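Nothing in this text is a laboratory measurement; each read-out follows from the coordinates by a stated rule. The shown structure was predicted, so the numbers you read here are calculated from the model rather than taken from an experiment. Glycine gets a Cβ as well: all are built from the backbone with ideal geometry, and neighbour counts include every protein chain shown.
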Amino acid sequence: DAKTTQPTSMDCAEGRAANLPCNHSTISGNEYVYWYRQIHSQGPQYIIHGLKNNETNEMASLIITEDRKSSTLILPHATLRDTAVYYCIVASSNDYKLSFGAGTTVTVRA
Amino acid sequence: GAVVSQHPSRVICKSGTSVKIECRSLDFQATTMFWYRQFPKQSLMLMATSNEGSKATYEQGVEKDKFLINHASLTLSTLTVTSAHPEDSSFYICSARWGASGNTIYFGEGSWLTVV
């Protein structure tokens, strides 16, 4: 019972912004949107999360639509080291259980 | 960002023995920790939720007597794989929720278990 839908893969050009979409049309009012990435054989790395407002940190920006049914993760200047599987996850503030789907395999090319 | 550390990073054990994996939050207190398992080329699967001072809550299909979880302090949770079999070989990953009221969750580096 996937709560999010992401493209299977994306190619991005080094130095350009990477925009990763995520659909979560059944999101509930108390569910956060989390983004993580995983590089092969490592634990997932936290990127950013939000409830309804747009968020920005040193790694990325998270844009959540007004109806909260979709969001976009923006990596402002993609580098080769950003190549990874990116996971968009919605989790309830009742239990904070993160259920991982297949994610988007992002390949940054020189 | 906050650091969650796992130990060991890699372990090989013999079939039938037990192995313990530790998960520590190094610079914050974590009232809730989570344990995941990941098989090659698959996504992470949540195994259980570990709350400090209480019994862990296991996901459907996860054997609680085989995967013993202890969360004895606000900075340490352990996963013990008992009577390990080769099919238990996997990448085990923990995560920790920042503080009692926080909503940021950090993951450890993962632990590779190989049962021979």
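Counting Cβ atoms of other protein chains within 10 Å of each Cβ in A:39-49 and taking the mean gives 5. For the peptides A:45-51, A:27-33, B:54-60, the ranking by packing is A:45-51, A:27-33, B:54-60, with the highest mean count of neighbouring Cβ atoms within 10 Å listed first.
Expressed as a fraction of 2.2 N^0.38 Å, the C-alpha radius of gyration for chain A is 1.00.
Let's test the formula: R0 of 35 Å, r as the Cβ-Cβ distance of A:ILE74 and B:ASN51. What FRET efficiency results, to the nearest 0.05? Approximately 0.50, to the nearest 0.05. Sorted ascending by nearby beta carbons within 10 Å, beginning with the fewest, B:ILE105, A:ILE63, B:ILE21 become A:ILE63, B:ILE21, B:ILE105.
Between A:ASN94 and B:LEU68, the simple label model (points 7 Å from Cα in the Cβ direction) yields a spacing of 3.2 nm. Normalised by the number of residues in region B:1-55, the average gap of Cα pairs under 8 Å and 6 or more apart makes the relative contact order 29 percent. Kirkwood-type hydrodynamic radius, chain B: 14.0 Å, calculated from all non-identical alpha-carbon pairs. With a cut-off of 13 Å between beta carbons, the residues surrounding A:SER41 carry a summed charge of +1, where Lys and Arg count +1 and Asp and Glu -1. Each other residue within a Cβ distance under 10 Å of A:CYS12 adds +1 if Lys or Arg and -1 if Asp or Glu, for a net charge of -1. The tail of the calculated P(r) for the protein assembly as shown, taken as Cα-Cα distances beyond 29 Å, holds 27 percent of the pairs.
Taking each residue of A:91-101 in turn, how many C-beta atoms of other protein chains fall within 10 Å of its C-beta, and what is the average? Show your work: numbers first, answer last.
On the way: counts 2, 0, 1, 0, 5, 9, 7, 8, 5, 7, 2.
Going residue by residue through A:91-101 and averaging, the value is 4.
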